[in-house]
Amino acid sequence: MMKPSVLSIAAIGILLTISSVRAAPGSDPTSTRHLSVTMSTSAGTVAPGERVSLVVDVTPKQDMHVYAPGQTDVIPVSLTLTPGEAAVSRPLQFPKAEKLEIKELGETHLVYSKPFRLVQDVTVAASRSLVKRAAAPGASLTLKGTLRYQACDNTICYAPVNVPVTWTLALQGASSGSVKKQQR
């Protein structure tokens, strides 16, 4: 069991990490049998041609874990964005995984059994239609995707699950520099 001082330090670290992102408006956690998922962004407002981070905070339920990427014979947690008005600009960022040794099978896997965060940087398209839409008051952009995972507990692995995820960003008019850079 963790000592109170270690738990306090961990809680402060989690709060500092969370403070750098904004919850998506109306973003209540989505719960499955195995975990809960909350979406947020690095900025609430974005202009065409600008980059924003889409964030997925995942909290496995007690005694559950999901697999980290880079392993064979398991289905790792992944995030796939639906093609649309944003272009993925960098690889999906995963936290460091923990090792789980399964002595009965003589295997060691990389997993996430504690709350973790996935971050996907995207660049909003600077298309003429999106620039025109951003000029209108109250304009927004909705980005969608799918979080896929396979969860296991101490005795069984469950069927893979696909969780729909959505982020809605307020659009603002693009600065002339960001549109010119994107159109080159």
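The values are calculated or read from the model by the stated rules, or taken from the named source; none is laboratory data. Given the structure is predicted, the values throughout are model-derived calculations rather than measurements. Don't worry about glycine lacking a Cβ; one is built from the backbone with ideal geometry, like all the others, and counts go over all protein chains shown. Accessible surface areas use protein heavy atoms only, side chains included; no ligands, DNA or RNA. Shrake-Rupley method; radii C 1.70, N 1.55, O 1.52, S 1.80 Å.
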TODO: Of all residues in region 162-176, count the ones that are among the hydrophobic types (A, V, I, L, M, F, W, C) and surrounded by fewer than 21 Cβ atoms within 10 Å (Cβ to Cβ).
DONE: 2
Task: region 63-98, residues that are modelled with pLDDT under 95, surrounded by fewer than 19 Cβ atoms within 10 Å (Cβ to Cβ) and over 19 Å from Pro160 (Cβ atoms) - done: Pro83, Gly84, Glu85, Ala87, Val88, Ser89, Arg90, Pro91
- [ ] Hey, could you check region 140-161 for residues that are in contact (Cβ under 8 Å) with a residue 60 or more places away in the chain and open to solvent by 40 Å² or more (accessible area, probe 1.4 Å) and say which is farthest from Gly173 (Cα to Cα)?
- [x] Asn154
Open item on the list: Quick check on my filter: what residues within region 108-139 are in a strand (DSSP E or B) and open to solvent by 50 Å² or more (accessible area, probe 1.4 Å)?
Closed with: Thr108, Leu110
Task: Top-ranked residue in region 30-45 [being assigned to a strand (DSSP E or B) and among the small types (Gly, Ala, Ser); ranked as most open to solvent (accessible area, probe 1.4 Å)] - done: Ser31
Task: Residues within region 46-74 that are out of contact with any Lys or Arg (no Cβ under 7 Å at 6 or more places or on another chain) and either part of a loop (DSSP other than H, G, I, E, B) or small (Gly, Ala, Ser) (or both), tallied - done: 15
